[in-house]
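The values are calculated or read from the model by the stated rules, or taken from the named source; none is laboratory data. Here the structure is a predicted model, which is why all the values come from computation and not from measurement. Here the Cβ positions follow ideal geometry from the backbone for every residue, glycine too, while neighbour counts run over all protein chains shown.
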């Protein structure tokens, strides 16, 4: 993968590594050893880096700043606390950073990539990935493939567990909120994320003060009525000919009145300002009269009460 090769992994001299070539689970604890075919445990506080191999590995970091590389196989990787770098590499992996300001990469394969607490960098990789991080000021980037990026909202715990076990959305974006049981109204993250789909037909779920883009392909942007009265979100590269905005609402609060106003900027470009019930909720950059409220924005019933 090009970005992986360009980035590389700098393993600082003096670090102790665990290199695992079987289907083991690895946890960084004190006083352990690498046991063939069983559970791999680290050998003390100096262990900062873990490398899997061709098997299906389970690797967990500790409270330090870990570097974890799953390599081939269907791996489950968790950085836990600390500012970690976690790489899935080959295979269909489940990768998460945990607490701390983490950099988390899916790599090749169809991966589930989660940032966790704090301010994270979350990247999918070449194929169809699911990226989730709805806390902190995060940057999520799908890269290649048809990706699902969840940068806002809270999931029902049981629904989240079921989805993470099989992270493939049902056909039809209209069913996505029902499948994930996302509750926008319970989301208190206002720090502002950046989420970009990259190439492919991506779906980006976003919220207050977020900046999002789809990249190339026919992309879908989903948000909800709890944006009203908050800092507006920004969509950077909306193509009215192939992209779609979806605005979910709580039926208990009634159908929102959406309006669009075209505003000219000092540099001569024009933005489409989308308002709900008179409150600016989304700024769509660099649009013209081809942006149409009835064609480009779809109202959906999908917000759950807190």
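Taking residue 129, is it buried (at least 24 other Cβ atoms within 10 Å of the Cβ), under 22 Å from residue 163 (Cβ atoms) and in contact (Cβ under 8 Å) with a residue 24 or more places away in the chain? So residue 129 fails the test.
Does the range 86-107 contain any residue that is in a loop (DSSP other than H, G, I, E, B), assigned by TED's automatic domain parsing to the domain that holds residue 117, in contact (Cβ under 8 Å) with a residue 60 or more places away in the chain and in contact with a helix residue (DSSP H, G or I) (Cβ under 8 Å, 6 or more places away or on another chain)? Full working, then the answer.
Here is the first cut: in the range 86-107, the ones in a loop (DSSP other than H, G, I, E, B) are 88-93, 97-102.
Pick out the ones that are also assigned by TED's automatic domain parsing to the domain that holds residue 117 and you get 88-93, 97-102.
When the remaining residues are screened for being in contact (Cβ under 8 Å) with a residue 60 or more places away in the chain, the result is 89.
Next, from what is left, pick out any that are in contact with a helix residue (DSSP H, G or I) (Cβ under 8 Å, 6 or more places away or on another chain): 89.
Yes, some residue in the range 86-107 is in a loop (DSSP other than H, G, I, E, B), assigned by TED's automatic domain parsing to the domain that holds residue 117, in contact (Cβ under 8 Å) with a residue 60 or more places away in the chain and in contact with a helix residue (DSSP H, G or I) (Cβ under 8 Å, 6 or more places away or on another chain).
Listed by position, the strands (runs of 3 or more DSSP E) inside the range 191-302 whose residues that are modelled with pLDDT under 95 and surrounded by fewer than 17 Cβ atoms within 10 Å (Cβ to Cβ) number at least 1 are 279-284, 297-301. Within the range 234-257, residues that are in contact (Cβ under 8 Å) with a residue 60 or more places away in the chain reach partners that are surrounded by fewer than 19 Cβ atoms within 10 Å (Cβ to Cβ) with beta carbons closer than 6 Å, at six or more positions or on different chains, in the pairs 246/298; 246/300; 248/300.
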